[in-house]
1. Please compute the modelled spin-label separation between Arg42 and Arg263, points set 7 Å along Cα→Cβ, answer in nm with one decimal.
2. Out of the trypsin sites (Lys or Arg not before Pro) in region 305-373, which ones are loop residues according to DSSP with at most 10 other C-beta atoms within 10 Å?
3. Based on alpha-carbon positions alone, could you give the equivalent ellipsoid semi-axes of region 384-430 from the gyration tensor, as √(5λ), descending, whole Å?
4. Using Cβ contacts closer than 10 Å as the measure, can you line up Thr27, Thr113, Thr85, Thr103 from fewest to most?
5. Among 57-66, 292-301, 123-132, how do they line up from the highest to the lowest mean number of other beta-carbon atoms within 10 Å?
6. Treat the count of other C-beta atoms within 10 Å as a stand-in for reagent exposure and order Ile329, Ile421 from fewest to most.
7. Which GluC sites (Glu not before Pro) does region 269-356 hold that lie in a coil by DSSP with at most 10 other beta carbons within 10 Å?
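A short reminder: the numbers here are calculations on the coordinates, not readings from a lab. This structure is a prediction, so every number in the text was calculated from the model and none was measured. Positions of Cβ are generated from backbone atoms using ideal geometry, with glycine treated the same way; all protein chains shown enter the neighbour counts.
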Amino acid sequence: MSRTDPVSRVWRLARGSLWPLPLLAVTAAVALGLLLPLLDERLGTANEGSPLAFVFGGGPAAARDLLAAIAGSLISVTGVIFSLTVVALQLGSSQYSPRLLQTFATDPVVQATLAQLTGTFVYALTVLRTVRTPESTVSGEPAFIPRLSITLAYLFCLGSVAALVVFLGHLARSLRVETMLRDVHDEAAQALRDRREEGTDVADVLPDGPGTPIEAARSGFVVDVDEERLVSAARDADVVVALSPRMGDSVVAGTPLAHAWARGGGPAGERDAVTEAVVGAVRLSAERTPDRDAAYSLRKIVDIAGRALSPGINDPTTAVHALSHVSAILGDLLPRRTTVHTWRDDDGALRLVLPRWTAEELLRLGLEEPLEYASGQPAVLRRIAGLLHELAWRVRGQDMDETLRALVARTARQALESTAIEERETTAWRSAVDEALAGRWSPAAGLGPRTPAAEAAQG
């Protein structure tokens with residue numbers, strides 16, 4: 001199944017928002033609350049002689065009291081719990097990163113708990129309307145007690161209590177910075193697993209000339225691209241289309257979103273179908289998403305490291321943990337990194353070029369700010385040196401030697417200028433990077449703790 005078909009788009013929307021699963025649960029609860037009392041009436045569970053009469057033994061007043069208690073308590077608990085949750089998450093986001101609130105909305109435990117609580121409330125309320133007491137009956141109708149429906153409401157209530165306990169435990173774990181780092185790391189790993197591998201070769205030289213610019217119709221971040229639609233439109237118009245922004249880049253309405261060239265060279269001229277395809281195939285959103293943008297997950301972890309190194313928080317241990325995840329993610333992103341993705345039609349003709357984050361840009365994203373904020377923090381500088389040692393091993397032989405040597409030299413210089421770290425230790429950092437680039441792993445003293453994330457990345 002293509003990730004750009006309607007079913008996949010709906011699935012990504014449901015997975016990335018807080019409301020779809022609870023809405024589905026409420027809809028199912030209404031349907032069940034309407035149909036199950038009819039089944040009760042058909043089976044005659046309200047009669048004393050019914051074989052199902054044992055499921056709920058109370059009278060009409062007890063039935064109404066039970067259902068009212070379930071509905072009233074659950075909606076109150078739901079409001080209080082999620083109000084407290086939002087406050088806790090606001091405190092966490094102010095200390096770590098506001099972008100972590102997006103992870104909360106996509107958390108399946110949060111979605112399932114909200115669905116359980118709201119679904120049970122709506123179900124109890126729907127069944128309550130079907131209970132008839134002798135005082136409320138008209139035209140001589142007998143009292144009606146949907147015993148099977150009430151028993152199911154009681155079981156749903158027990159499930160809600162269990163879900164509430166699980167949710168509180170999950171929330172306590174989720175607010176720990178180690179859990180947040182792991183969740184963001186998992187987002188990046190999922191984006192890498194879902195990445196389409198077609199067309200990862202280096203692009204052909206684009207046709208001569210500036211090309212015909214195709215302007216964006218609105219502003220936003222690039223979160224998805226329907227490559228198949230673009231290739232089909234480019235083939236029909238016999239043009240080559242090159243997008244300007246990378247995945248996750250910001251686009252401003254009225255600026256070029258892409259350029260098109262005729263296959264024979266020169267501008268593509270007026271091709272309304274290609275323009276419409278580009279505008280429709282490039283999905284823009286008000287915020288970045290990690291679905292196809294592993295660099296966004298890297299950005300989140302760097303934000304956590306930056307907050308940890310701020311004077312107001314001053315938590316170098318958290319920064320060291322975050323840098324271990326930066327090492328693992330960069331180690332997955334950098335190998336065999338090309339500057340573009342290319343797509344061809346069935347005849348092998350180049351039709352689409354998508355820019356990618358280059359290795360240098362990813363290194364800058366992952367290390368520029370931590371290095372800027374790490375002055376006077378020996379543990380953090382040691383971890384950055386260890387990170388460069390790990391990357392040198394993972395990207396050896398891929399023409400990144402000078403870049404890594406320059407970064408470790410900058411780290412060593414910063415350590416000597418701002419901390420009491422001795423020169424012999426910084427010399428060991430440089431030697432360790434040189435050895436790793438040569439294919440020899442020799443752990444150097446003082447390169448920071450060995451974390452499970454870094455060890456797994458090296459394996």
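1. That separation, rounded to one decimal, is 6.2 nm.
2. In loop regions of region 305-373 (DSSP not H, G, I, E or B), the sparsely surrounded trypsin sites (Lys or Arg not before Pro) are Arg336.
3. 21, 9, 8
4. Thr27, Thr85, Thr103, Thr113
5. My ranking of the peptides, most packed first, is 292-301, 123-132, 57-66.
6. Fewest to most other Cβ atoms nearby, the residues stand as Ile421, Ile329.
7. Those satisfying the criteria are Glu270, Glu287.
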